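Working notes, structure below.
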Amino acid sequence: MAVRPKALATYADLRDYAGNAAEVSLTSARIAGIFVRDDGDMTSADNDGTIIVASNGRRWKRRVDGKIKVGWFGAIGAGADDTVAWNNAVAVLVSLGGGILEAIPDTVHVLSDQIYCDPSVPVTVDLMGATLKLEATVGNFKRIFTTANATGRLVYSSAEDSPAWVFRNGILDLSRENRLPYARYEKENSAAFFWGASATYPGRARLVVEDSIMIQNSTGDGVHVYTNAHVTMRGKTRRCFRGGLTVTGGYSVVDGDNMMDLGGTNSLGIHIEIDAFGYGATKRMVGTFRGANVAGGVTLDPTQGSVIDISGITMTGGGLTISGGDGTGTIVGVGSTLTVAGQGGATGYFGNCKIIHLINPTITVVFSGAGGQTIAAVAPRFGLGGAVGSDKAIILESPTFLTKNKQATDRAIAISCPAMSSATNNWVRLHGGKITSTYDAGIVAVQGGCYEIDGDVEFSSTTTAFHISGTKSYLARLRLGRYRNTGGGEEKIGTMVDVLAI
């Protein structure tokens, strides 16, 4: 006949217990479980969760089935500070070689500091419907989960990619409403996740944020991807100032397919701006955002040969800015829905990439509704953020140009180009597609550059179909193929233009 474990209520009772039972069953809420006496262990420390050291020196060890619960370590999920409990639970799980960490279901865990993560073992964090919320008075440079230790050193350093840390089923809240406004750089470092690895070796730290996670109210970022990271982001974000998903570290891989950003006042959805060198002293990254849905705006700055795929992305608000950095990055996309949103003079910068190639994009200029604005959907800037360089291209295949909230005093331009020398051989190529009748002008380029119009593109713009001209300083080059002018706008080829056959 099996002997039932001795029933006790609390850890204090277990520490005081001096009886002969080999097993004890704790019955109190949050810490309930079976503990087994280990008479051969005289050295393990009491961790207030899975190992309890009695007053007589006996070690009692919790029977663990691969899951660790933060409630075992003193978390209560009722407004008190649970930071120590979370860090202790994570440390124990890592010491066991990984497993599943569970929050207290449907509660709010308040945190006054960061939770330190070691990517060397596989961990799944199941929030069980709970919210992790930064304390209102928490200082600058604070994240919720981070792979940097207390001194800021990235703890993972390996020739191989790490196992994945997976997060699901809950909310991460960074208390933006209770914190000081964004200032300089200190608030950038506020993030729900700060993920990266040492750049000394090629191994990347892996993170998976599942679609059941919501990240909200950040003065900085939702997910901050740093050097040597491999991040899969399927979650949702809202009200993240610098970016729901922000990438600043080189040698990183980001899969943002089907992520969702719900926007909010003064927030970005996706922000890529690499300023830290990854393995091999590179700032190169590879990112895919296929099917992402973004309300908070998108800023892309690919450098050192970075490649970003925005196929099927849907921007429902905010605006698109491509700043291109050193002019070596590539942006591609099929079926992208993009917006250029507008304050007065706002422009959709398409800047300084080696290649921007969009097939079947829909590009919508969103006016404020107040009138008096001039906005260009696409504004090539081959030197934006760096030297002008040469042999670059912006290729738009079968685009559709639309407007929203346009008033009678507003002016919409599909493609508006600054002064550019044709000698650089940087091309703007428009192949097919339609510029709708809500546009005043199709292509305006009166200070040089290289342009190609072909593919039976339809100009329905009302005032100007295209106006290509050069100057003594900036000669223009035009390859003019098949097009249709259905809007009756002016077709003008000015002086200093070398017209080429296609």
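A short reminder: the numbers here are calculations on the coordinates, not readings from a lab. Since the model is a prediction, treat every value here as computed from it, not as a measurement. Here the Cβ is made from the backbone with ideal geometry for all residues, glycine too, and neighbour counts use every protein chain on show.
Computed quantities for the displayed model
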read-out: Kirkwood Rh (inverse of mean 1/r, distinct Cα pairs), the stretch 302-502, angstrom; value: 16.5 Å
read-out: Lysine pair count for the stretch 66-296 [Cα-Cα under 29 Å; pairs on different chains or 8 or more apart]; value: 15
read-out: P(r) histogram, all alpha-carbon pairs of the stretch 281-338 included - 5 Å bins from 0, percent; value: 6, 20, 28, 25, 15, 6, 1, 0
read-out: Over the stretch 66-296, volume per residue of the alpha carbon convex hull, in Å³; value: 104 Å³
read-out: Proximal lysines to residue 406, defined as alpha-carbon separation beneath 29 angstrom and excluding residues fewer than eight positions away on the same chain; value: 434, 492
read-out: P(r) weight above 13 Å for the stretch 6-62, C-alpha pairs, percent; value: 51 percent
read-out: Surface/4 estimate of mean projected area, convex hull on alpha-carbon atoms of the stretch 233-293, nm²; value: 3.8 nm²
read-out: J(HN,Hα) series, the stretch 36-51, from Karplus relation 6.51 cos²θ - 1.76 cosθ + 1.60, nearest Hz, glycine and proline x; value: 10, 6, 10, 6, x, 10, 10, 10, 4, 7, 6, 10, 6, x, 10, 10
read-out: Principal axes of the chain: Cα extent on each, largest first, Å; value: 101, 45, 43
read-out: Spatial separation of Cα centroids for the stretch 8-61 and the stretch 382-450, in angstrom; value: 72 Å
read-out: Cα-centred dipole magnitude for the stretch 66-296, charges only on beta-carbon of K, R (+1) and D, E (-1), debye, nearest 20; value: 320 debye
read-out: Charge tally in the Cβ shell below 13 Å around residue 263, where Lys, Arg are +1 and Asp, Glu are -1, residue 263 excluded; value: +2
read-out: Whole-number D in µm²/s for the stretch 186-274 (Stokes-Einstein; Kirkwood sum over Cα pairs; 20 °C, 1.002 mPa s); value: 171 µm²/s
read-out: Kirkwood Rh and Cα Rg combined as Rg/Rh, the stretch 374-439; value: 1.03
read-out: Phi-based couplings in Hz for the stretch 467-480 (Karplus 6.51, -1.76, 1.60; Gly and Pro marked x); value: 9, 10, 8, x, 9, 4, 7, 10, 6, 10, 10, 9, 9, 10
read-out: Estimated [θ] at 222 nm from DSSP helical runs (n ≥ 4, -39500 (n - 2.57)) normalised by residues in the chain, nearest 500; value: -1000 deg cm²/dmol
read-out: D_trans [Stokes-Einstein, Kirkwood Rh over alpha-carbon pairs] for the stretch 269-311, 20 °C, 1.002 mPa s, µm² s⁻¹; value: 191 µm²/s
read-out: Ratio of the Cα radius of gyration of the stretch 417-479 to 2.2 N^0.38 Å, where N counts its residues; value: 1.12
read-out: Environment charge at residue 253 (Cβ cut-off 13 Å; Lys +1, Arg +1, Asp -1, Glu -1); value: -1
read-out: Binned Cα-Cα distances of the stretch 244-341, short to long, each 10 Å bin given as a whole percent; value: 18, 52, 27, 3
read-out: Summed residue charge, Cβ within 14 Å of residue 110's Cβ, Lys/Arg positive, Asp/Glu negative; value: -3
read-out: Order by protection proxy (mean Cβ within 10 Å, highest first), peptides 328-340, 157-169, 13-25, 245-257; value: 245-257, 328-340, 157-169, 13-25
